[in-house]
Each structure stands twice: as structure tokens, then as C-alpha cells.
1. Please find, in a Gaussian network model of chain B (springs between Cα atoms separated by less than 10 Å), the residue of B:Arg222, B:Arg23, B:Arg112 whose mean-square fluctuation is greatest.
2. What three numbers, in Å, describe the spread of the alpha carbons of the protein assembly as shown along their principal axes, ordered from the longest?
3. Per residue of the stretch A:234-244, what does 6.51 cos²θ - 1.76 cosθ + 1.60 with θ = phi - 60° give for ³J(HN,Hα)? Whole Hz please, x for Gly and Pro, Karplus curve as stated.
4. Pick out which of A:Asp242, A:Asp211, A:Asp38 has the largest mean-square fluctuation in a Gaussian network model of chain A, springs linking Cα atoms closer than 10 Å.
5. Using the Kirkwood formula on the Cα atoms of the stretch B:71-308, what hydrodynamic radius do you get, in angstrom to one decimal?
6. Using the Karplus curve 6.51 cos²θ - 1.76 cosθ + 1.60 with θ = phi - 60°, work out ³J(HN,Hα) for each residue of the stretch A:166-177 in order, rounded to whole Hz, and write x for Gly and Pro.
7. Based solely on its DSSP helices, what 222 nm [θ] is calculated for chain B when runs of n ≥ 4 H residues each add -39,500 (n - 2.57) and the sum is averaged over all residues, nearest 500 deg cm²/dmol?
8. By how many nm would the segment from B:Leu34 to B:Gln163 lengthen if fully extended, with 0.36 nm per residue of separation less the alpha-carbon distance?
Amino acid sequence: MNIRERRIDKVRAVLLLILGVILVAPLFLMFASSLKDDRYQILAELGSFRAFIVTNPELSNYVEILGKKSIFPMGRFFVNSVIILSGSVVGTIAVSSMAGFALLRGKFKVNKWMIFVIVALYIIPLESIMLPMMFEAVKLRLLDTYLIQILPFIASPLFIFLFYQFFKMVPESIAEAASIEGASFWKIYRSIYFPLNVPAIVTVAILQGMDMWNQYLWPLLVTQTDRVRPMTVAIANFFGQDEIYWDKAFAGSVLMMIPVLAFYLFFQRYFLSSVASSAVKE
Amino acid sequence: MSRSFEYAVQHHRLSHWHTQDGRQELLMMLPALLLLITFTIVPFIMSVPLSVTNQRLLPGPIPAKFIGARNFIRILSHEDFWQAFWNVLRFTLMVIPVQCGFALLMANFLNRQNKLKGFLRGLFFLPFITPMVIVTVIWATILQFPTGVLNSVLGWITFGWFQAVDWLGNPRTSMLGIVLLSAWQAFGFQMIIYLAGLQNIPLELYEAAEVDGASGWQKFWRVTWPGLLHTNIFVLMITTIQALKLFTQVNILTHGGPRGTTNTLVHYIYEAGFIAQNIGYASASSILLLVLVSMVVAIQRTILKRFET
């Protein structure tokens, strides 16, 4: 790189940095507003730069939404979201990786057709079967439970196929050797294929985790009480009120954003590669 | 897909190492199989018989009746359905140039960048990890009338010439508002895909173009653009399918209004099935949505196959 090119690179870095700050400004708006005590103040300051800054930060909104007797029990919703996310991420990794392995290394002739079926199923969007699914949930008496928010997502055609693809890259000779040593089918999966594919597990955890944390339409259909309702539906409910409590809505949003940001800061590289691989794997 | 399929078939003939005990294999398949049957295949098959009845969500005293193709006829002659259909199309046609264009531009800048490249990429990706529900809260205030951030900024940079617009309340701008916030949220995804695509273009092509004295624009249109063919097809397809599923933003911010200008197909299904509790009618609409999604996938597959051979 010559001097001229290096200078261009520096100038471009500064310009892109300014653009980047403008692009994430809406997130600053959220943080700033959540620290303002008065919702009328938030509305009044929206039209000026004061929307992005706080002069005297207060945590009263957080105290209120996390309080035991709050009318917006965000702590409850947060815990619900965490339960649904953990259940479905752990479930997905276990169920989808086992299925992917059995499809790849199993002996049944039917398996090669299963791969076809699995990829075909991937095309069906949840949105086009959600009402028969809800009808089913009513019949199975699963409405308003954690289970109905977890179970439908853990046998995901996408992730079964993703594990299948990752497992395919493990040299078969390793498994053959283990098999000669007398390792069972399950043992080969459990002690070789599964632990060797940490990148696949991380990818699935990130993609499924983001998906579940953002899940809105399905919980909107199948939850009826605060007991099992996730944060997404709870935050959306602020809009149903006669008057929107912006201060509480922003505090709730920040609460929901914190775990995402924390994970992103630590695992940024994996977030980016997971998202890219989800596209390449199509 | 077909290549990995053939690979799987081949491997079947080659592998002899597994234990002959098929029980473990079956047990490992079982959870996935049961769940897929219960939560994808059964609802999928159920939607067909449901679509030809007048089934309600909570069965009433009168059992549901077979009503033939009446649901489909009613949907296809329902003005609101066609409005939702055109809205989705309108959204797609607006969001693709805005979102993908911006993503491609950013990817191009970042691809050449040395200093701070990783940091900038991470920064630009932040909106994509923001849950859509939070995006709607933030943008509801940004698009506020008359003193939201967007109206104020547009006012400043035009020295007061710009008249404040009720972005989400005005039938003429409501969809544009939805497009803006959706594009802001998702452009980072396309940017990452484009960055991967750009890295696959051989550097020699650029060097050769430079030797021939090509300008920046010429390099883009003669080398970069053709090199991104596959990426573009993929991005186009995924954006179209995402648009067909548009729901959250619209449901929270506008409920499909004003005057149905932001109604979408999924919102139409939601209102028929969940609000009006008419499962039969909603199932029929769902089948139409699935037909549309399958058509997009089929078109993409055909195009890709043509370019591969």
C-alpha cells in the first residue's frame, strides 16, 4: 500500500465511522430515553438532539418494571423468554444433531429419501401452517404453556441439514477405526461426531437463540396470560394502551437488548460467521 | 442440494463400519421425526381439509361443514386480500433497492477498507441483532408526528422547507415508513452476504482490469457485478420470502392501516384466523401463501440451475 492509498483508507475509515454512528443512533435513543424519568419529557425532546443524550440519568423506570408489584412485570417476561430460549436451544442441538448423524451414517435405505423430505419441509414457512398448528395446540391442551413455545422449533429442518453437512466433513476413517474398536453407533456420535463439531453447535445456538429471542407471532397466538408470555409480546402490548408509556417501553427494550449485546460483544466473530454460513448452506 | 444428495447415496454403499443394530439409529431419529410429524407435517396436511370447511378455532355447538371451494372463491374475490397482496409486492419492490443497494454499497466500502474494518463491520451489524419488537419501539418515536427525529432531521437539512409528515398515519407514506425501519434493521444481513460474495471474486480480475485502465465504475459493472450473480440471486430470493412473511412491524405499528395500506398476507391470515377465529378461511389463505413462497423458491432454483450449466 502506498502513502496515497493509506491516506484514502484513513479518510474512508473516518467517514464510515461517522456513518456508523448515525446508523446506530436509534440505539442510543433507546438507551437515553430509558434513563429519562418522565415520559412527557421523552416525547418533548424527540425533535431535538436532546433525544440522544441524558442530563440526569435515573433508573426509576427499571426499578418500576422490575418491581414485584409492577403492572408491567418485565422481570417475569424476561425469565419466560430465557426459559423458552434455553429450552429450545438445548433441545435443538440435541434433537437436530442426533437426527443429522443418523441420516448421514445410518444404514436404513429410507434415510436418503428423508434428506429430500427434510429439505422440502424447510420451504414451508411457519406462517403458512400456524393456524392448523394452533388448532392442534387447542386440541392437545397445550395453549398457554412453555412447551408449545419450545417444541415446534427444536426439530428444525434447517438445523438437521446443517448438522448433516458439518458431520459430512468429519473423515469417515476416524469413525471406522472406532467401530472396529467396538464403539456403538450412539458412542461414535456421542464421543466423536458431537464433540468434534463445536463450530456447528455454536452456529446453531446463535441462529436459533436469535430466532427464539425475537419470536413474536407464534407466542402472540398461543399465550394468554403473563405467566408464560415472552418479552416480545409484552413489549408489543405497550402499543395497545390508550397512552403509550414510552419510558417503560424503552426500559423494557433495553432489558431485552442487554443479553443480546453482551453475547454479541463476546462472540461477534461467531455471530457474523453463523449468519454468513446460514446463507451459504442453502 | 442435488450434489449433497448424490453424496449421501454414495456413502450408503461405502459405509460398512456401523453396527448392524438399527435400533440406536432409529432411537436417534425418533425425537426429530415425531416433532416434525406433529408440528409440521400434520398441520400442513390438516390445512387442506380445514380449508374446505367453515371450522371455527374453538369448536361451537354446530359441527363444521364441508363448503367446497367457497373459502378460496371468497378470498380471491375479497378486495382486502388483493390489497394485502399488492402491499407485499410494493414492499418488496421498495425494500430491495433500499436495503440491498445500501448493503452492497457498505460491503464494497468495507471490502476495500483496512483500518478499523472489523470494528466497522461489527458496528454496521448491530441493527440486525436488535429484535424487531425493539426496532418498532424505537422507530415509533423516530417516525412520530410532528416532532419525531426523522421529521426534525429532514426539516434541518432542508432549512425548514420540509413539511413534517405523519409517516405511519398517512396512507401515502405508511408503507415507506415500514420499509425504512425494516431496511434499517436487516441491511446488515445482506451486507455480510455481499462481503462473502465479494471475497470470492478473484483479485486477478481486478488487476487485469486495472492494467486495461478501467475506471472504478467500469470495474464495478464489469467485474464486481457479474461476479456477484449468485449472491444477488440468493439475496433477492431471501428478501422476497422475508417480505412475503412481513408481519411484526405492521402488526405492532399500524395494524395494517391506515386504510389497509400496510396490510400484508400474514396479517390477513392472522386477522381471519386469530381475530375472527375463522380457521377454515384462514387455512385457505395460508395455502395461497405457501403456493406463493414455493413459487419464489422454484423460480430461484430454476434460475440457479440455468446459470450452473
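Nothing in this text is a laboratory measurement; each read-out follows from the coordinates by a stated rule. Source: prediction; values computed, not measured. Cβ coordinates were reconstructed from backbone atoms using ideal geometry, including for glycine residues, and neighbour counts include every protein chain displayed.
1. Comparing B:Arg222, B:Arg23, B:Arg112 in the GNM, the peak value goes to B:Arg23.
2. Result, largest extent first: 79, 77, 51 Å.
3. 5, 5, 4, 5, 4, 6, x, 6, 4, 10, 7
4. Checking each option, the largest mean-square fluctuation is seen for A:Asp242.
5. It is 20.0 Å.
6. Couplings: 5, 4, 4, 7, 6, x, 5, 4, 4, 5, 4, 4 Hz.
7. -21000 deg cm²/dmol
8. 40.6 nm
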